[in-house]
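This report refers to the structure that appears directly beneath it.
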Amino acid sequence: MRRLVESKAFRRVAVMLSLAVLAWLVVLPLRESTTNSTLFSLTLMLTTIAISINWNLTGGFTGYVDFGHAVWFGIGAYVTAILMTKQTSGLGIGWPAFPAIVLGALIAGGMAAVIGKATMRLKGPYFSIAMLGTFVAVREIVRVASPLTGGGVGLTLPPYLNRQLFYYIELGLVVALICFTWWLRRTRFGSALIAVREDEVGAEMRGINATRLKVTVFSFAGGSTGLFGGLWAFQNTFVDPDIAFVESRTIDAVMGTMLGGIGTVAGPVVGSAALYWLREVLWANFLDYHLIIQGLLLIMIVLYVPKGIVGLFDPRSTSIVTLWSRWFGGESVDAYGSSEDLVQMNDSADSTNDHKTEVTS
Amino acid sequence: MSQLLQVIINGIALGGMYTVLVLGFSIIWGVLGVINFAHGEFVMLGAYTAWLANDQLGLDPFLAAPLVFLFMMMVGFAVQKILVNRVIDRPHLVSLLVMFGVSIILSNGMKLIFSADFRRNDTALDGSWQLMDGVTIPVTKFFVLLAALGIVSALSVFLQRTRMGKSIRAAAQNREAARIVGIDVKKVYAITFALCIGITGAAGALISPILAVQPFQGPPLTLKAFAITAMAGLGSIKGALGGAMILGLIEAGLAIYISGIGTNLAVIASFVILVVALVLRPQGLFGGLRPVDAMAS
């Protein structure tokens, strides 16, 4: 079993499968039978995946669990909406969509840098709750600042319907994000992020500037989520504080990432897609109960599959592999405790070796 | 002058309300090290129980509070046995997420049973007393304050004087040492959790005539409880009282002096106070059962 999972063939099959899914997603809109509502629904799924990937950058790689990540989505959406609305843009005319969306992402990223600089001084649960507080506070500020944001009434954007275009834009962006995280995880910067998660003091002693690292990745994640917020606002053609700042966007990101495997590259993608599919099933069959089932699911995942779906196939974690060997015997269990600890020790030794060179860079 | 007096009265009344709300959260965190993210939902559960007692039996919420306390203690005991026991030794993310799951289940379950309608619980202790020209005392909040002071003193006596209370404090300070001297730490944890959920439920019953009872009233209360606890010190009764009063006075001041948006600003206030307090005094303002220790590296 272990050999199977680690084998090249297994890897190859996984890559082939993902490429097949991607190809299917690319040709899907070209089929006659695909309706606009299907496309919009798929676009929303891509948005959820993107938010999960971004959340995983701070929550999974650096270990700073952000309970208010949806705030960047709302800020991106609101900046786009404010710029595109004639009355509030400050120019007398509404901005064209794409500059507005890009500026929205930049502002979200900039604000993430400023707020992250303050809140990332806090650790563990204090950071989580400070971010939840930020989320609630920003929503309240948006509600109060009515001359700019329209207050509780919200803003209506000029309608523009080309679902296909947005679908392809978001598909492209999500693929780019996946490639980016895959690449990031293999750079020295990515290893340094993991080092901060495992032992922040130790990482700093190795010469890693933990604060700069954390804030950089936090700001990137915020900006990227803001970008998707702007895209969403344009497609939704309407924003108000209660639909632009929704807790469930954070919840979905956390759950998707946990389900797929926190701290892995593929985890948020697999988990969010699985969650999306699961939710369609739950929605269709248990309309009233679906959130309760989701809550139960969250508890089950956290308690029983803490490494998520991807973790099940990762030979280095508590997974099918270790369970398999525990039940049926095999090479991976030795007398000195479970092999995963040993592998993890080797792993952390590897990652510390990675950072020795960080000082000089 | 009368306005300032009114702000102080409102602030203290609000502070009394926050005190009962925060006690259970603070002690669970201080003793078990578990951040009860479903705190607000337990308040909501207590409020619904009191509302039911009033609706079905005609019981005044102030009289129902002791019954709600007993009922919620049983709920707390069950939750502790089924879930909390499994997460005590795990990293904080695990307990946070598990309790988060509990909060989703509770709020949506209550919505399913009672619908999302806002409900108000009636009490005989209603209205306001005219103190002098332009200054009034809200009667319900005054009695909530009295109840809060009663609970605070009873809890202090329990923690300081009784054998069980001493065991709880010992387990909070040093778990291993407590175990060595023969304290059944598991039992202590179970009793602490049940007791705190009981107090939290009673708090829900007490505030049910003040805040509308509805399934989604929990999260803002959790946030406030967190802010007060982290600011004042984990598991500190004195801190819960002091922190709640500080927040109450600030919110009352904002609501009166800044017209129109003051109540919205009050939502932000607790968060701003939290961050400022954590950065300036990371060990908590009043000390507590365990250090706050909020700074990263």
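Odds and ends about this structure:
- Cβ-based charge dipole, the range A:126-283, positive-most Cα from A:Pro241, A:Leu157, A:Gly202: A:Gly202
- Residues with amide H under 5 Å from that of A:Phe238, placed H, sequence gap 5 or more: A:Leu157
- Model label zone, A:Leu17; criterion: amide N under 14 Å from point 7 Å along Cα-to-beta-carbon; scope the range A:271-295: A:271, A:273-274
- Rounded to the nearest 10 degrees, the angle from helix B:262-280 to the longest Cα principal axis of chain B is 40 degrees.
- Spin-label pair A:Ser248-B:Arg119: with each label point 7 Å from Cα along the Cα-Cβ axis, the two points sit 2.4 nm from one another.
- Note on A:Leu106 and A:Trp182: the extension gain reaches 25.1 nm, defined as 0.36 nm multiplied by sequence separation minus the Cα-Cα distance.
- The magnitude of the dipole of the range B:2-280, with charges of +1 and -1 set on the Cβ of Lys/Arg and Asp/Glu and taken from the Cα centre, is near 1040 debye.
- Between the listed residues B:Ala269, B:Leu57, A:Ile93, the Cα displaced farthest toward the positive end of the dipole of the protein assembly as shown, a dipole computed from Cβ unit charges relative to the Cα centre, is found at B:Ala269.
- Projecting the Cα atoms of B:Val84, B:Gly242, B:Leu14 onto the charge dipole of the range B:2-280 (Cβ charges, centred on the Cα centre) puts B:Val84 farthest toward the positive pole.
- When chain B is treated as a Gaussian network with alpha carbon springs shorter than 10 Å, the biggest mean-square fluctuation among B:Ile197, B:Ile113, B:Ile105 belongs to B:Ile113.
- Percent of Cα pairs in the range B:2-280 per distance bin of 5 Å, from zero to the largest separation: 1, 6, 12, 17, 19, 17, 13, 8, 4, 2, 1, 0, 0.
- Here each label is just a point 7 Å from Cα along the line to Cβ, and for B:Gln3 and B:Met74 those points are 5.2 nm apart.
- Separation in nanometres of the label points that stand 7 Å from Cα toward Cβ, at B:Glu176 and B:Ala154: 3.8 nm
- Per residue of chain B, the DSSP helices (runs of n ≥ 4 H) give a summed -39500 (n - 2.57) that works out to -24000 deg cm²/dmol at 222 nm.
- Karplus-based coupling profile of the range B:153-161, in residue order and whole Hz: 5, 4, 5, 4, 4, 4, 6, 7, 9, with θ = phi - 60° in 6.51 cos²θ - 1.76 cosθ + 1.60 and x standing for Gly or Pro.
- Net charge of the neighbourhood of B:Thr123, taken over other residues with C-beta under 15 Å away and scored Lys/Arg +1, Asp/Glu -1, is -1.
- Set of lysines with alpha-carbon distance to B:Lys141 below 28 Å, sequence-local pairs under 8 removed: B:Lys111, B:Lys224, B:Lys238
- Applying both filters, DSSP loop and at most 14 other Cβ atoms within 10 Å, to the chymotrypsin sites (Phe, Trp or Tyr not before Pro) of the range A:90-192 gives A:Tyr160.
- Neighbourhood charge, 14 Å Cβ-Cβ cut-off, centred on A:Ala70 and excluding it, Lys, Arg +1 and Asp, Glu -1: -2
- About the Cα centre, charge dipole magnitude for the range A:229-312 (Lys/Arg +1, Asp/Glu -1 at Cβ), debye: 340 debye
- Chain B: angle of helix B:61-79 to the longest principal axis, Cα-based, in degrees nearest 10: 30 degrees
- Charge dipole (debye, nearest 20) of the protein assembly as shown; +1 at Cβ of Lys and Arg, -1 at Cβ of Asp and Glu: 1000 debye
- Helix axis angle, B:92-114 relative to chain B longest principal axis, alpha carbon, degrees: 50 degrees
- Sorted from greatest to least, the principal axis extents spanned by the alpha carbons of the protein assembly as shown come out as 77, 73, 54 Å.
Values in this text are rule-based calculations from the coordinates and carry no lab data. Since we're looking at a predicted model, the values are computed, not measured. Cβ sites come from the backbone with ideal geometry, for glycine too, and all protein chains shown count toward neighbours.
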